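I have placed the structure first, in the form of structure tokens, so that the comments after it can refer back to it.
The values are calculated or read from the model by the stated rules, or taken from the named source; none is laboratory data. As the structure is a computational prediction, the values presented were derived from the model and not from experiment. In this analysis, Cβ positions are derived from the backbone assuming ideal geometry, glycine residues included, and neighbour counts consider all displayed protein chains. SASA here: full protein model, heavy atoms, side chains in, ligands and nucleic acids out. Shrake-Rupley method; radii C 1.70, N 1.55, O 1.52, S 1.80 Å.
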Amino acid sequence: MDGDAEISITQGDGEHHSTAIEKSFHIFVSYRVRTDATLAERLTDKLQIQPIKGEEREILLKCFLDQQSLRQGEDYMTQFLDALKSSCLFLPIISESNIASMYHLTEGASDNVLMEWETALNLFDNGHIDIIPLLIGSLTTEEGGTQVYKRFSAFNLNLLPEVHTAHGGGKITVRETVGKLLRLQGLFVNPSDLAEKLAALVDKFSKDVWPKHRSSWHNQKLLGPEPFSACVQCGEDYKESENVDGSCRFHAQWKYVC
């Protein structure tokens, strides 16, 4: 994960993508309550007033955040799984404190954050969701009250236990789950200044994530007609849902040819 503001989306095996699952949330915000609840709520509030770029109609981002979106009297687990499957983008908030909470997990333990990560990675591998990890730095206060930002730094994965959770199906360990998620290129975030990275996130969602899932949105009438783009090779109009590589169908295979 290099580059302070660079984001990269890898979709499953790099080629396959399925839009079979109907989408009703643009972004699923994943976080650990004990360490990152305040940040998650601030981020969600800011995201949900942002419009998707490139749309003729104003379509504001719709996020799933458990404390705002769960309905009373209904099964939590069912709501959580339905929301995750019906989201276009999984946005895990990863802080060093969040990961430190996993150091002492034992075989068969339950951890709600890990359950979200395991489920999202499985959906990702099958082309049903995109993932952008948010790597949260820390703030320290120096004499005089000045806050100093320290970027999220790499840590030793060997500190994480080689055990399986109760909800992982025995297929992947805690260490493997965290390692797999961190291998996806993410976005480094200063928790005291969300503005710059918020803009980058909205841009990336609008350009690379939304076009792949737009045709699966649950309310197509709300969206209106899909915008057209011009092929980078011939200038012919095409729809992003047909090909997200910046070319019409005919020229898609020539994307990397000068």
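Selection over the range 95-114 of residues that are under 28 Å from Asn190 (Cα atoms), open to solvent by less than 30 Å² (accessible area, probe 1.4 Å) and of a type in the set (Gly, Ala, Ser) gives a count of 1.
Here's the yes/no breakdown for (1) of a type in the set (Ser, Thr, Tyr); (2) touching a Cys at 6+ places or on another chain (Cβ under 7 Å); (3) under 17 Å from Asn190 (Cβ atoms); (4) at pLDDT 95 or above:
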| position | (1), (2), (3), (4) |
| --- | --- |
| Met1 | no, no, yes, no |
| Ala5 | no, no, yes, no |
| Gln11 | no, no, no, no |
| Gly14 | no, no, no, no |
| His17 | no, no, no, no |
| Ala20 | no, no, no, no |
| Ile27 | no, yes, no, yes |
| Thr44 | yes, yes, no, yes |
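Within the range 141-168, the residues that satisfy the criterion of being open to solvent by 50 Å² or more (accessible area, probe 1.4 Å) and hydroxyl-bearing (Ser, Thr, Tyr) are Thr141, Thr146, Tyr149. Contact map, the range 128-144: first residue free of Cβ contacts under 8 Å to residues at least 40 places away in the same chain, second residue of a type in the set (D, E, K, R), Cβ cut-off under 9 Å, separation 6 or more or different chains; pairs are Thr140/Lys150. Considering the range 27-40, and only residues there that are open to solvent by less than 70 Å² (accessible area, probe 1.4 Å), outside any loop (DSSP other than H, G, I, E, B) and not aliphatic (A, V, I, L, M), the residue that is nearest to Asn98 (Cα to Cα) turns out to be Thr35. Kindly provide the set of residues from the range 54-87 that are open to solvent by 30 Å² or more (accessible area, probe 1.4 Å), part of a loop (DSSP other than H, G, I, E, B) and either at positive phi or of a type in the set (S, T, N, Q) (or both), ordered by number. Gly54, Gln72, Gly73, listed by residue number.
Restricting attention to the range 169-212 and to residues that are farther than 27 Å from Leu139 by Cα and outside any helix (DSSP H, G or I), the residue that is most open to solvent (accessible area, probe 1.4 Å) turns out to be Lys171.
Tally the residues that are free of Cβ contacts under 8 Å to residues at least 12 places away in the same chain and of a type in the set (A, V, I, L, M, F, W, C), restricting the search to the range 19-48.
1
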